[in-house]
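The values are calculated or read from the model by the stated rules, or taken from the named source; none is laboratory data. The shown structure was predicted, so the numbers you read here are calculated from the model rather than taken from an experiment. Don't worry about glycine lacking a Cβ; one is built from the backbone with ideal geometry, like all the others, and counts go over all protein chains shown. Each accessible area value is taken on the protein alone, full model and side chains, heavy atoms only, with ligands, DNA and RNA left out. Shrake-Rupley method; radii C 1.70, N 1.55, O 1.52, S 1.80 Å.
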Amino acid sequence: AQKVTQAQTEISVVEKEDVTLDCVYETRDTTYYLFWYKQPPSGELVFLIRRNSFDEQNEISGRYSWNFQKSTSSFNFTITASQVVDSAVYFCALIEETSGSRLTFGEGTQLTVNP
Amino acid sequence: DTAVSQTPKYLVTQMGNDKSIKCEQNLGHDTMYWYKQDSKKFLKIMFSYNNKELIINETVPNRFSPKSPDKAHLNLHINSLELGDSAVYFCASSPSGAPQGEQFFGPGTRLTVL
């Protein structure tokens, strides 16, 4: 069965610090898809990135970067030079190919960036 | 312009009542979903419809009944509301050609059962 674990429940940093959010997943499928979503205090869920299991290339988008390592079943998310507006709950999620479109979320990490 | 919309945004009701939450998407997607987010922020899928056909039905009490009148709408009806139903309910949609693709979420409906 698929499972996503975000061991960090809460992280607090000071503005301009770099911060990494950890995500570890479990799956028996060889084909699967990993996601990160952001939920700001306003409550909506904002898509950040999707990665498939065959693409281990790291990705950078502005201050955001993602490190996908199949060997450790991890898909970590780093925010460089954090800003107050980055304060949100961040969810890592997984879809197994055999599960159709069933998106399984981790427990979420509450990131607070203090000025 | 809103891609996935839900009504109402807030719903406060008494135990035992029946209520509905409506969802509409204007993205032309064939697949729609309902998720529940509990008080600890945990998100779990409840249902998924593809072109009006139920394809995912998680272990959800049968007091919850989704209805899809057309592929742009997926409503959630809840009978005999209980305190434990208090949560935020999110509707989402995705293109049917890419079921493992990005799911677009609505703004959520906060349900409070008193």
Placing +1 at every Lys and Arg Cβ and -1 at every Asp and Glu Cβ, with all other atoms neutral, what dipole size does chain B have around its Cα centre, in debye to the nearest 20? 260
Read phi for every residue in region B:61-70 and hand back ³J(HN,Hα) as whole Hz from Karplus 6.51 cos²θ - 1.76 cosθ + 1.60, θ = phi - 60°, with x for Gly and Pro. x, 6, 5, 9, 9, x, 9, 10, x, 7
Here D for chain A, in µm²/s, from Stokes-Einstein with a Kirkwood Rh over Cα pairs at 20 °C and 1.002 mPa s, works out to 150
Residues in region A:18-47 occluded by at least 40 Å² - accessible area, probe radius 1.4 Å, against chain by itself: A:37, A:39, A:45, A:47
Region B:69-114 - accessible surface per residue (Å², probe 1.4 Å): 35
Using the Karplus equation 6.51 cos²θ - 1.76 cosθ + 1.60 (θ = phi - 60°), what ³J(HN,Hα) coupling, rounded to whole Hz, does each residue of region A:33-44 give in order, writing x for Gly and Pro? 9, 10, 9, 10, 10, 10, 10, x, x, 5, x, 6
Give me the one-decimal nm value for the distance between modelled label points at residue B:40 and residue A:31, 7 Å along each residue's Cα-to-Cβ direction. 3.4
Grab the other residues whose beta carbon is less than 15 angstrom from that of residue A:111, score K and R as +1, D and E as -1, and report the net. -3
For residue A:107, list long-range residues whose amide hydrogen, built 1.01 Å from N in the peptide plane, is under 5 Å from its own amide hydrogen. A:6
Going by average Cβ density within 10 Å per residue, which order do the peptides A:82-94, A:16-28 take, highest to lowest? A:82-94, A:16-28
Which of B:9/B:36; B:22/B:71; A:3/B:36; A:70/B:41 have a Cα-Cα distance over 19 Å? A:70/B:41
At q = 0.14, 0.21 1/Å the base-10 log of I(q)/I(0) from the Debye formula over the alpha-carbon atoms of chain B is -0.51, -1.14
List the relative contact order of chain B as a percent without decimals, with contacts defined as Cα pairs under 8 Å and 6+ residues apart. 37
Can you give the charge dipole size of region B:47-114 about its Cα centre, rounded to the nearest 20 debye, using +1 on the beta carbon of Lys and Arg and -1 on the beta carbon of Asp and Glu? 140
Partner chain Cβ atoms within 10 Å, averaged over the residues of B:38-47 - can you pull that number for me? 4
How much length, in nm to one decimal, is gained on full extension between residue B:14 and residue B:59, taken as 0.36 nm per residue of separation minus their Cα-Cα distance? 13.8 nm
Pairs of Cα atoms under 8 Å, at least six residues apart: use those to get the relative contact order of chain A, whole percent. 38
With θ set to phi - 60° and the Karplus curve 6.51 cos²θ - 1.76 cosθ + 1.60, what are the ³J(HN,Hα) couplings of region A:75-83 in order, to the nearest whole Hz, using x for Gly and Pro? 9, 8, 10, 10, 10, 9, 6, 4, 10
Here the whole-number average of other chain Cβ atoms within 10 Å per Cβ of A:68-75 is 0
Is there a quick way to get the dipole size of the protein assembly as shown? I mean about its Cα centre, with the Cβ of Lys and Arg at +1 and of Asp and Glu at -1; what is the value in debye to the nearest 20? 500
Area hidden from solvent between B and A (accessible, protein heavy atoms only, 1.4 Å, total, Å²): 1700
Pair residue B:82, residue A:11: separation of 7 Å Cα→Cβ label points (nm): 3.7
Could you work out Rg/(2.2 N^0.38 Å) for the protein assembly as shown, with Rg from alpha carbons only? 1.02
Answer rounded, prolate or oblate for region A:52-115, using the Cα gyration tensor with square roots of eigenvalues a ≥ b ≥ c: rounded when a/c is under 1.5, else prolate when a/b is larger than b/c, else oblate. oblate
With r defined as the distance between the Cβ atoms of residue B:52 and residue A:72 and R0 fixed at 41 Å, what FRET efficiency is calculated, to the nearest 0.05? 0.50
